[in-house]
Amino acid sequence: MTAYNIVRFRTKPGKEQAFVEAHEKISLNAKGFRKGALIKTSERTFCMLGEWADMDSLAAARPSMIGLLDTFRDTLEDLGGDLGVTDPVSGTVVAEIN
């Protein structure tokens, strides 16, 4: 069953372009990964959306995703509330909207 992950980020002041450029260079060659998109939601705030074949594929790729995060972690600001620099959620599709 198709799964998605969404991760919210906030960049440090002046680091937006470096953050976007880091994502333009990303290649996630993980089994079950279909596609992803980086979305700017407001000033210095972004969400990354990933589509996966299933939750098992997504779970298996977490170490690779953390490795990618480590390549641009220095561009991110702590989100507060004990979240750290990311606010991730994931789950399986329960309804599709056309």
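The values are calculated or read from the model by the stated rules, or taken from the named source; none is laboratory data. In this text, all values refer to a predicted model and were calculated from it rather than measured experimentally. Glycine gets a Cβ as well: all are built from the backbone with ideal geometry, and neighbour counts include every protein chain shown. For accessibility, only protein heavy atoms count, side chains too; no ligands or nucleic acids. Shrake-Rupley method; radii C 1.70, N 1.55, O 1.52, S 1.80 Å.
Brief remarks on what is shown
- Hits in region 57-98 - residues which are in a loop (DSSP other than H, G, I, E, B) and of a type in the set (S, T, N, Q): THR86, ASN98
- Hey, LYS35 part of a strand (DSSP E or B) and either open to solvent by 80 Å² or more (accessible area, probe 1.4 Å) or at positive phi (or both) or not: yes
- Of the residues making up region 1-17, just one is exposed (fewer than 14 other Cβ atoms within 10 Å of the Cβ) and among the small types (Gly, Ala, Ser), namely GLY14.
- Checking MET1 against (1) of a type in the set (A, V, I, L, M); (2) in contact with a strand residue (DSSP E or B) (Cβ under 9 Å, 6 or more places away or on another chain); (3) modelled with pLDDT of 95 or more, the condition it does not meet: (3)
- Residues in region 45-89 that are over 20 Å from GLY14 (Cβ atoms), without any contact (Cβ under 8 Å) to a residue 24 or more places away in the chain and either in contact with a helix residue (DSSP H, G or I) (Cβ under 6 Å, 6 or more places away or on another chain) or open to solvent by 30 Å² or more (accessible area, probe 1.4 Å) (or both): ALA59, ARG62, PRO63, ILE66, GLY67, ASP70, GLY81, ASP82, LEU83.
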